[in-house]
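Undergrad: After the structure tokens below, expect a handful of questions from me.
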């Protein structure tokens, strides 16, 4: 991973592809903010991503993706829930 380099145009392209109506993790910046401010976010994100790739490390919070969503039936029964993934917008861009 140390040979991988992210450019500002890569980050801008990735931000442009994010769906603004997609669900985001609780207490995180929603995708629409990244879309509207993509030119302000591109350079700092590029520097951050290149630093993370150079040390081959990703923040633990970016790795947490699972959440439970109730399908039907009783809320007290485990089988009535299904797993869903709510990935951080920052990790989606990376």
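Undergrad: For residue 78 and residue 61 in the same chain, what is the full-extension length gain: residue separation times 0.36 nm, less their Cα-Cα distance, in nm?
TA: Residue separation times 0.36 nm, minus the Cα-Cα distance, leaves 3.6 nm.
Undergrad: Using 0.36 nm per residue of separation minus the Cα-Cα distance, give me the extension gain between residue 29 and residue 17 in nm, one decimal.
TA: 2.7 nm is the gain from fully extending residue 29 to residue 17.
Undergrad: While we're looking at this one, here's another question. Just need the relative contact order of region 38-94 here, percent rounded to a whole number, with Cα pairs under 8 Å and 6+ apart.
TA: 30
Undergrad: Using a simple spin-label model with points 7 Å from Cα along the Cα→Cβ vector, what separation in nm is obtained for residue 86 and residue 10?
TA: 2.9
Undergrad: Still on this structure, I have one more. For the chain, what does -39500 (n - 2.57) per DSSP helix run (n ≥ 4), summed and divided by total residues, give at 222 nm, in deg cm²/dmol to the nearest 500?
TA: -12500 deg cm²/dmol
Undergrad: Multiply the residue gap between residue 43 and residue 70 by 0.36 nm, knock off their C-alpha separation, and tell me the result in nm, one decimal place.
TA: My answer for the length gained is 5.8 nm.
Each value in this text was obtained by applying a stated rule to the coordinates, not by laboratory testing. These numbers come from a predicted model, not from an experiment. A quick note on method: Cβ atoms are made from the backbone with ideal geometry, for glycine too, and the neighbour counts reach across all protein chains shown.
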